[in-house]
Amino acid sequence: DLLVLHESRGAARAAGTTGLYHVAVLLPSRPDLARCLRRLMERRTPMSGFSDHGVSEAIYLSDPDGNGLEIYRDRPRDEWPMADGRLQMVTEPLDIAGLLRDTDAGLGPDAPRPTGLPAGTRIGHVHLHVSHLEDTERFYVGALGLDLVQRYGDSALFMSVYGFDEAQTF
């Protein structure tokens, strides 16, 4: 055996530690996100939040082990909020009613709603908790060569393999 895991029932996640914050599943379109939200609602799946980040729209959940999960769609880059040539991400309430109006967008009048994740779905990003932001930047940007896309005050860094100007999302 290379690794053996043993459950510690009742173990609590330690506050202020490094590790996974959430994994983010990127859907190809707004109607795909709307259909996903509709399925989650129909199944009465507990959701922990909804946000409009200016660059994306997101639904937040926790998996059965309490790990964060974001399901989101990116807006087209020409719609991303910019000021003085810099990306201006925000955290605003998601227009849930407006999103749900797009549930059937692109479907014919008699077409069944697609189930499951659509083709083109991928892991869009992973957010980590870190204890030292400066050390994290030195490692990921300095040592590994990721591009620093944005600083979010003194609380977060957004880094990418692709850089901001590439056609890929970060």
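The values are calculated or read from the model by the stated rules, or taken from the named source; none is laboratory data. As the structure is a computational prediction, the values presented were derived from the model and not from experiment. Note that we place each Cβ from the backbone using ideal geometry, even for glycine, and neighbour counts take in every protein chain shown. Accessible surface is based on the protein model in full, side chains and every heavy atom, while ligands, DNA and RNA are left aside. Shrake-Rupley method; radii C 1.70, N 1.55, O 1.52, S 1.80 Å.
Looking at segment 140-152, which of the residues that are at pLDDT below 85 and under 19 Å from Thr18 (Cα atoms) is least open to solvent (accessible area, probe 1.4 Å)?
Among residues in segment 140-152 that are at pLDDT below 85 and under 19 Å from Thr18 (Cα atoms), the one least open to solvent (accessible area, probe 1.4 Å) is Tyr152.
Do the conditions hold for Gly49, that is, is it loosely packed, with under 15 Cβ neighbours inside 10 Å, farther than 24 Å from Pro76 by Cβ and within 17 Å of the chain's Cα centre (by Cα)?
Taking the combined requirement at face value, the residue does not satisfy it.
Could you look through segment 52-65, keep only residues that are more than 9 Å from the chain's Cα centre (by Cα) and over 13 Å from Arg75 (Cβ atoms), and pick out the one that is modelled with the highest pLDDT?
Among residues in segment 52-65 that are more than 9 Å from the chain's Cα centre (by Cα) and over 13 Å from Arg75 (Cβ atoms), the one modelled with the highest pLDDT is Leu61.
Does Leu2 satisfy the criteria of being under 25 Å from Gly120 (Cβ atoms), loosely packed, with under 13 Cβ neighbours inside 10 Å and modelled with pLDDT under 90?
no
Residue by residue through segment 142-162, note down the ones that are in contact (Cβ under 8 Å) with a residue 12 or more places away in the chain and farther than 18 Å from Met89 by Cβ.
Matches in segment 142-162: Val161 only.
Have a look at Ala111, Ala83 and point out the one that is of a type in the set (A, V, I, L, M, F, W, C), closer than 30 Å to Arg43 by Cβ, open to solvent by less than 70 Å² (accessible area, probe 1.4 Å) and modelled with pLDDT under 90.
Ala111
Could you please find all residues in segment 50-78 being touching a residue at least 24 places away in the same chain (Cβ under 8 Å) and either out of contact with any Asp or Glu (no Cβ under 9 Å at 6 or more places or on another chain) or among the polar types (S, T, N, Q) (or both)?
Ser51, Gly66, Asn67, Gly68, Glu70, Ile71
So Gly116 passes all but one of these: (1) among the small types (Gly, Ala, Ser); (2) without any contact (Cβ under 8 Å) to a residue 12 or more places away in the chain; (3) touching an Asp or Glu at 6+ places or on another chain (Cβ under 8 Å). Which condition number does it fail?
It fails just one condition, (3).
Across segment 86-106, what is the number of residues that are open to solvent by 40 Å² or more (accessible area, probe 1.4 Å) and free of Cβ contacts under 8 Å to residues at least 60 places away in the same chain?
Result for segment 86-106: 8.
May I ask you to list pairs of residues, at least six apart or on different chains, whose Cβ atoms are under 7 Å apart, with the first in segment 122-136 being in a helix (DSSP H, G or I) and the second being open to solvent by less than 80 Å² (accessible area, probe 1.4 Å)?
Leu133/Leu157; Thr136/Val130; Thr136/Leu157
Say whether the condition of being of a type outside the set (A, V, I, L, M) and without any contact (Cβ under 8 Å) to a residue 24 or more places away in the chain is met by at least one residue in segment 18-36.
No, segment 18-36 has no match at all.
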